[in-house]
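The values are calculated or read from the model by the stated rules, or taken from the named source; none is laboratory data. These numbers come from a predicted model, not from an experiment. Reconstructed Cβ throughout: ideal geometry from the backbone, glycine too, with neighbour counts over all protein chains shown. Surface accessibility is based on the protein's heavy atoms, side chains included, excluding ligands, DNA and RNA. Shrake-Rupley method; radii C 1.70, N 1.55, O 1.52, S 1.80 Å.
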Amino acid sequence: MKKSVFSICGMCTVRCPIRVEVENGVATWIEGNPHILGRSLCGKGSAGLAFHYQEYRPQGPMLRQGLRGGGQWKRVTWDTALDYVADKLGRILDRYGPGSTFLSCRGGPFLDLPKTFLKALGSPNFTNHDAACGRNVHHASLSLYGLGRKDFIYDLKECNHLVLYGRNMLESLKVKEAKDLMEALSRGMRMTYIDVRQTVTGSKASRFWMVRPGSDYALNLGIIHAVIKEGVYDAEFIRKWTTGFDDLANIVQPYTPEWAEEQTGVPAAEIHEFVREIASDRPKVVFHPGWMLARYRDSFYASRSTHILNVLMGSVEVPGGQIIAKGPKDYGKKDLNNLGDGVPKPTEKRADGVGWKYPHFDAGPGLFQLFYPAILTGQPYPIKAYVCYRHDPLTGFPDREAQRAALDRLDLIVALDAKFGETTWYGDVILPLSGYLEKDSPIASQKGKTPRFIVRRQAIEPLYDSKPEWWIFKELAKRMGLDKYFPYESVQELWDFQLKGTGFSIADFEEKGFVDPADKAKLFDRENGLKLKTGSGKIELVSPSLEKAGFPSLDIYREREPLPAGTFRLVFGRHAIHAHGHTQDNPLLHEVFPENNLWINDRVAADLGIAEGDKVEISANGVTAEVKAHITPFIHPEAVFTVHGFGRTVPVLKRAFGVGFADQRMAKGCLERFDPAGGGIAYLECLVTVRKAEEV
């Protein structure tokens, strides 16, 4: 028997809509949802069948038997595992209080369940991966608009000029965004790509600037200076919708394009030419404020100044610019019902200090790395239990040894995942999640030009003794006397609860895999209707909230000293075939891209006596690894580059185990180095040394 199922991909964090063909209970084909992606899918998504049928995954609940990370597990029943977790959590809560548990995840649209569970425990300590990704970007956006990074979409289809700062859209990709980009380039959109290395995305650009590592903020200051001095900004938009323009002009007065050339290596004449271009292209200009900007201690200001350039171009809420994402309520429609709305708000302050010790940070997911000091010190209260939900901080955050030392102070680590990650392997209990083709998920509300309700639907039966999230959190809550907050017995009842009052039923998703609460995109009225959430109701070029917290609206630029001889900034990024640390053990993807290497500038390599394919030794703060060298002129001499996610230490990952090197292990001490204004980890403030490895 054959069937076709619309669902949501789970091979990376983008979660593209897919269509799955199933024959006699076996998934045989995956493609992009034709109604959104025209059947297109990336290499990772296409390897989803191999993930389900060929990768080695957790095959049932397991309890740790030996030392943490030692790999000795006992397979148990679900009842045994859930009873163990519920009993242990209950005793921790009784002894240390409701805030003694924290939960982290990778983020995404389906988070009502874990958030509700944690809230029902009485803990405010929900967090996610974002301090190692886009937290600087998010806080920069909040400081200007009162809206976060996910409250904007970028209208590439009508854009005249796209400016990217290392946002590698064709390798660290969203399928729809990548298609929109290629269509825009085909119709003649200009693209300026700025990075410390050339990429597939940069190879399509009309202009490529290879900048000195860590100088994006200096470049922006020079551009802002030129835009204001030459008077090519949208004066009417600035007058109507911003505060602090005169102060901004004074702040950037010293930062001329000629000064920026000294800091970045970009010729001043080219900056002037660029400014003339964007002046003719505005308002259909997008300066992309970044995606993953956990880089330097001034990345917040790099992103904030990028947003300011959008404002100067008047490219806010216009076709071809950055558009405020709309939810159902913006169209007068009812949004989904959330389980969490029925749970009392926890009364304790957050253990990571966000919202009180650090009042300028968004308290939503807080900052993951700040839970480690709380664990180690017991302040502001003890943290004794960790629920690690689809998250691998030992791969995504720096300094594995420091993280493990803190995790060892916990009484309980519960891992919910469909894969064996480094953190899963370090847990006390593994509750295996079903693969994304094997389960139904709650419905999620997705903002956009028009809002959308999406849902992941089960295509095949689970291959192993795994369970979906809606079942696991319900069962844990039931055992802890909290099941009143999970008022359903089946996923159908959960969907009915979520959709009540929206006018939709789950049957409405059958036709296309999603439903649209609104049928036509709209823009807010730029005369009177921009819905900004700052205190002033305007775009705050000078931010009272930042300055109240002791941070300038735009910091002075601190010139970077020359690097000591033989040292480099270890830049890491993505390849189109792999998603962070999720896919290295996938048999198809491993075959295409089995191992990372180290990009080294050709002139630097010649000086070091390193040739293409040579083994090199890379070291930082007592951590050393060997990796093959890739010699290229397309990387700045002060940087070396690698693809993230390799160097796995989980022995059951037979293809990925011990292959390549783990860049995050080189960032020793970086758990404590983060952007003080934005909260993002400052990975690239850690230097590495490179030399040719000795032959054995």
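Considered as a group, the residues in segment 522-548 that are in contact with a strand residue (DSSP E or B) (Cβ under 8 Å, 6 or more places away or on another chain) and among the hydrophobic types (A, V, I, L, M, F, W, C) include one that is farthest from N33 (Cα to Cα), and that residue is V542.
Quick one: which residue in L89, L103, L37, L41 is surrounded by 14 or more Cβ atoms within 10 Å (Cβ to Cβ) and touching a Phe, Trp or Tyr at 6+ places or on another chain (Cβ under 6 Å)?
Checking each option against the conditions leaves just L103.
Let's see how each residue does on (1) assigned to a loop (DSSP other than H, G, I, E, B); (2) touching a His at 6+ places or on another chain (Cβ under 6 Å); (3) of a type in the set (A, V, I, L, M); (4) closer than 26 Å to G48 by Cα:
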| position | (1), (2), (3), (4) |
| --- | --- |
| P380 | yes, no, no, no |
| I383 | yes, no, yes, no |
| Y386 | no, no, no, no |
| T395 | no, no, no, yes |
| Q403 | no, no, no, no |
| R409 | yes, no, no, no |
| T424 | no, no, no, yes |
| L431 | no, no, yes, yes |
| A444 | no, no, yes, yes |
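Only residues that are within 30 Å of E561 (Cβ to Cβ), open to solvent by less than 30 Å² (accessible area, probe 1.4 Å) and not in a helix (DSSP H, G or I) were counted in segment 218-262, giving 1. Consider V311 carefully, then state whether it is in contact (Cβ under 8 Å) with a residue 12 or more places away in the chain, part of a loop (DSSP other than H, G, I, E, B) and under 15 Å from P283 (Cα atoms). Considered against the rule, which asks whether it is in contact (Cβ under 8 Å) with a residue 12 or more places away in the chain, part of a loop (DSSP other than H, G, I, E, B) and under 15 Å from P283 (Cα atoms), V311 comes out as no. Restricting attention to segment 101-131, which residues are closer than 18 Å to G427 by Cβ, in contact with an Asp or Glu (Cβ under 9 Å, 6 or more places away or on another chain) and of a type outside the set (D, E, K, R)? If the condition is that a residue be closer than 18 Å to G427 by Cβ, in contact with an Asp or Glu (Cβ under 9 Å, 6 or more places away or on another chain) and of a type outside the set (D, E, K, R), then F102, P114, N125, T127, H129 are the ones that fit. Of all residues in segment 194-206, those being open to solvent by 10 Å² or more (accessible area, probe 1.4 Å), β-branched (V, I, T) and assigned to a helix (DSSP H, G or I) number 1. Of everything listed in (1) more than 29 Å from Y56 (Cα to Cα); (2) in contact with a strand residue (DSSP E or B) (Cβ under 7 Å, 6 or more places away or on another chain); (3) open to solvent by 10 Å² or more (accessible area, probe 1.4 Å), the single unmet condition for R457 is (1). Give me the pairs, please: first residue somewhere in segment 280-301 and assigned to a loop (DSSP other than H, G, I, E, B), second residue anywhere and open to solvent by 20 Å² or more (accessible area, probe 1.4 Å) and among the small types (G, A, S), beta-carbon distance under 9 Å, and either six or more positions apart or on two chains. From residues that are assigned to a loop (DSSP other than H, G, I, E, B), the pairs are G290/G166; W291/G166; M292/G166; L293/G166; R295/G166.
Just a yes or no: is a residue in segment 174-181 free of Cβ contacts under 8 Å to residues at least 24 places away in the same chain, closer than 26 Å to G581 by Cβ, in contact with a Phe, Trp or Tyr (Cβ under 9 Å, 6 or more places away or on another chain) and open to solvent by less than 50 Å² (accessible area, probe 1.4 Å)? The answer is yes; a qualifying residue exists.
Across segment 10-29, the qualifying residues are those that are without any contact (Cβ under 8 Å) to a residue 24 or more places away in the chain and either open to solvent by less than 40 Å² (accessible area, probe 1.4 Å) or assigned to a strand (DSSP E or B) (or both), and the one among them that is nearest to S441 (Cα to Cα) is E21. Against the conditions (1) without any contact (Cβ under 8 Å) to a residue 40 or more places away in the chain; (2) within 21 Å of S305 (Cβ to Cβ), I224 satisfies every one except (1).
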